[in-house]
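Below is one structure; the comments refer to it alone.
What follows draws every value from the coordinates through simple rules; no lab data is involved. Everything quoted here is computed from the prediction, not taken from an experiment. Reconstructed Cβ throughout: ideal geometry from the backbone, glycine too, with neighbour counts over all protein chains shown.
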Amino acid sequence: MKFKFYKSDGSSDGEKDVKDFPVLDDGKGVDALRQTIIAVHANQRQGNASTKVRSEVAGSGKKIYRQKGLGVGRAGDKKAIQRRGGGVIFGPRPRSYNQKLNKKIKKLAMERALFDQANLNNICLIENWIVDEPKTKKFKDLINQVAPKSKKVLAVSDSFDDKFVLASRNLSTARIGRAQDLSPLDIVQSDQLVISLKGLDVLIAKLGAKGTKS
């Protein structure tokens, strides 16, 4: 599969052929990607919402009214669920929303996410991510050369030096991510992925392919 290729300064350098980039049949991995994204969102939930049942509400258990003569329906204590300040029935309780996925599903989801973005021409390659000074303007100028029309750029590499991290942290239209830490959700949420050659090697190795040499 061929991708647009840029030098470290942002200048275009034609195309680069990546032989081991994942290629899938139509429909394969779509459900795995859906399951993975749902699992990522579910695992981010804290699950600490809690309400008190009748036995946990503070207050007296004394009968509110006498049994007969007042016409108030033989009311019990003030902890009853139908009374203001009483217990809550069938309310939320602390729980875990975590979902576990096996390695095959995670791998297939990652392949599907990359393949879909590649088909949409949302992936390009850069020689390396480097800036001369730790300034946002330097990073912004580089992004404007590589992906001028994109509003959600994901810059991917195997690692970033301190100057580049400082330069990239204040730009709202772009963010950085290490290839070894990427999830399918990171990929599908971006409208343009700009991957360094070393970052691409890490991604391909993560998927179990042999290499990315063209």
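Suppose each label sits 7 Å from its Cα in the direction of the beta carbon; what would the Q82-L166 distance come out to in nanometres?
6.8
Give me, ordered by chain and number, the residues 5 or more places off I126 or on other chains with an amide H under 5 Å from its own placed amide H.
Excluding prolines and chain starts, which carry no amide H, the hits are Y6, I195, S196, L197.
Just to be sure I understand, if you calculate mean projected area of the Cα convex hull in nm² for this structure, which of (i) 12.5; (ii) 18.4; (iii) 21.3 do you get?
(ii)
So what's the back-of-envelope 222 nm ellipticity for the chain, counting only DSSP H runs of four-plus at -39500 (n - 2.57) apiece and dividing by all residues, rounded to 500?
Dividing the helical sum by the residues of the chain leaves -9000 deg cm²/dmol.
Once R0 is set to 25 Å, what does the formula 1/(1 + (r/R0)^6) return for the Cβ-Cβ distance between M1 and R34, expressed as a FRET efficiency to the nearest 0.05?
My answer for the efficiency is 0.60.
How tilted is helix 136-146 with respect to the longest principal axis of the chain? Cα atoms for both, answer in degrees (0 to 90, nearest 10).
Helix 136-146 sits at roughly 70 degrees to that axis.
What fraction of the Cα pairs in segment 46-96, stated in percent, has a spacing above 13 angstrom?
Taking all Cα-Cα pairs of segment 46-96, the fraction more than 13 Å apart is 62 percent.
At 0.36 nm per residue, minus the direct Cα-Cα distance, what do Q44 and K135 gain on full extension? Give it in nm, one decimal, please.
29.5 nm
Taking other Cβ within 10 Å of each residue's Cβ, how do I187, I126 sort, fewest first?
I187, I126
If you line up the long axis of helix 30-43 against the longest principal axis of the chain, both from Cα atoms, how many degrees apart are they, to the nearest 10?
Approximately 50 degrees, to the nearest 10.
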